[in-house]
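Encoded as structure tokens, the structure appears first; notes follow it.
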Amino acid sequence: MVDDYDYNRRRPRQSAYRGSYRRPGSIPGVINPAADVLAGIEEVEGTFKERREKVNLYQQMAEQERIDLQNAVNDTQTLDQTDTLGEMTNQFSEMVNDVYKANIASFDGDKTDYLKKSNNAQKVIGSFPKVMGVINELSNQFKDMNPAEQNKMVLRSQFVGDNAETQKAYMNFLNDPSKMNIRIQGQDIIITNKGKDLFNGTQLLNSVKAGSDLVKYADDYTKEIEGASKDAMKGIANLEMIQSYKRKSSKGTKLYGTEETNYENAINAYRRNLENSSKIDALINESTFQRYVDSIEVYDEKKHGELTKQKIIEDLIIKEFPGGKKVITRKSTTPLSRVGSSSKEVKNEPTKSYKSIVSKSKELSNFIKNPSDKYFIKEGQAAAVPGGVKNDEYRIKLEEIKTDLKEQLNNTYSLRRLGQKDVIQDFDIAIDEKTGEIKAFPMVQKVIKNENGTESQELVIQRNFGQGIIINDDNLFKFDKILGGVDSKTILETSTQGGAAQFNNNK
């Protein structure tokens with residue numbers, strides 16, 4: 001019964017309560033829920049501490065990224081910061097804060113938004129100084145040209161057609177880039193003006209790397225034109241003629257001498273070579289038109305092609321012959337006591353020389369009269385023929401010298417007028433292979449009636465020179481007089497000794 005229980009009786013020692021509030025004891029066979037709860041709390045405390053450390057580390061990394069991005073923003077600032085650039089700095093700072101917030105918010109979650117904002121910010125902030133640097137460089141290039149230079153260098157064709165307004169806007173922008181505005185679109189920097197998009201800054205960087213520009217400029221063909229000029233100058237130097245003049249002082253005590261070089265024949269030959277140059281023809285375009293022709297018109301090949309070519313040729317002639325057709329190369333003063341007092345010894349007479357033509361004619365004559373052994377056939381029946389039989393190599397060499405001689409004659413006389421209507425177009429060469437005598441026949445263009453009633457233009461020997469001109473100094477000098485190239489005071493500077501051969505014509 002309950003009433004029989006002895007409340008004063010002590011518990012057995014082995015079953016006495018052990019432990020404390022913090023570490024309760026256990027009774028064998030008895031469940032202790034408090035111990036389980038406390039163990040769970042301690043486990044949660046350990047997990048929370050580990051998470052807190054992870055959060056702190058993540059926050060530190062996000063903060064460092066924000067600092068790095070903000071430093072990049074600060075690097076975009078300049079001393080001459082305009083309102084537009086200042087506004088961009090503020091926008092970049094806002095982008096940095098947005099990236100930081102998105103980074104923190106993405107902890108243990110979806111990082112898509114954060115990564116997009118971070119990539120965009122790094123791309124835009126990183127490329128912004130490059131875009132501004134390129135814009136400044138392009139603007140300075142444009143503004144450094146004066147109006148006359150801009151008229152020559154800025155291609156006018158870009159301001160006509162469907163894209164004209166855009167190109168005009170580009171040019172106005174380069175003239176004053178301070179009026180630009182900027183907006184950010186994803187990873188791109190968009191340059192705007194008066195609320196309208198002008199161009200994509202990122203695309204501008206790529207275009208400049210590829211050699212393009214906002215405004216199209218005339219290409220520089222200086223190197224190619226100089227190459228064509230060098231080709232055209234071949235063989236021209238020997239066409240220069242030295243002319244000497246002498247006159248007595250007013251008191252008769254001194255003799256003044258003047259020597260000048262006449263470049264007229266050289267200039268004429270140089271011009272012909274340029275006019276026939278395929279290299280010059282290949283360079284006729286809008287760029288050379290604007291560089292060489294003073295005009296405000298837009299290039300048209302049919303209208304401006306030949307004009308451009310002639311302007312290039314005139315410019316090259318001035319560069320190659322800056323002194324013009326005649327240049328004084330030497331002056332001298334001699335006391336008359338050294339040359340004698342006779343007035344007959346003092347002459348105001350220019351000289352003229354045809355050494356290059358006569359020299360080439362002499363070379364041709366000597367070749368005909370005395371060809372070397374290599375120009376003869378040495379085998380078969382030909383070897384037994386008296387005097388020998390010339391081989392193909394002889395004919396080739398003969399035509400080569402004849403061609404050179406014709407070129408010398410054309411450089412001196414071609415395109416000069418004979419009489420009222422005839423203009424010398426070329427020369428034919430006749431050779432007497434027995435005597436070595438060389439004759440030149442001036443050729444002019446005539447209208448020929450054919451048997452079928454049609455007409456054609458052909459080169460024929462000028463009627464007054466049907467018997468040809470025997471090539472020597474005297475005959476060439478006389479022929480020059482007929483063409484009006486020698487005045488009465490000019491004297492002949494001979495190339496060879498001895499008398500002159502006959503001047504054959506039918507006049």
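The values are calculated or read from the model by the stated rules, or taken from the named source; none is laboratory data. Here the structure is a predicted model, which is why all the values come from computation and not from measurement. Glycine also receives a Cβ, built like all others from the backbone with ideal geometry; neighbour counts cover every protein chain displayed. Note: areas computed on protein heavy atoms with side chains; ligands, DNA, RNA excluded. Shrake-Rupley method; radii C 1.70, N 1.55, O 1.52, S 1.80 Å.
Some notes on this structure:
- Using a Förster distance of 60 Å, the FRET efficiency for T166-K378 (Cβ separation, nearest 0.05): 0.15
- Reported to the nearest whole Å, the Cα centre-to-centre distance from region 144-195 to region 389-442 is 61.
- Ranked order, V134, V447 - accessible area, probe 1.4 Å, largest first: V447, V134
- R0 of 25 Å, Cβ-Cβ distance M233-E400: FRET efficiency to nearest 0.05: 0.75
- Subset of K116/K179; K402/K434; K311/K446; K352/K434 violating a 22 Å alpha-carbon distance limit: K116/K179; K311/K446; K352/K434
- Accessible surface ranking for E455, E297, 1.4 angstrom probe, highest first: E455, E297.
- Our estimate of slack between E94 and T435, defined as 0.36 nm per intervening residue step minus the Cα-Cα distance, is 112.6 nm.
- Whole-Hz couplings from phi, Karplus 6.51/-1.76/1.60, listed for region 408-415; x for Gly and Pro: 4, 5, 5, 4, 8, 10, 4, 6
- Accessible surface for M132 stands near 20 Å², nearest 10, in the context of the full protein assembly shown (1.4 Å probe).
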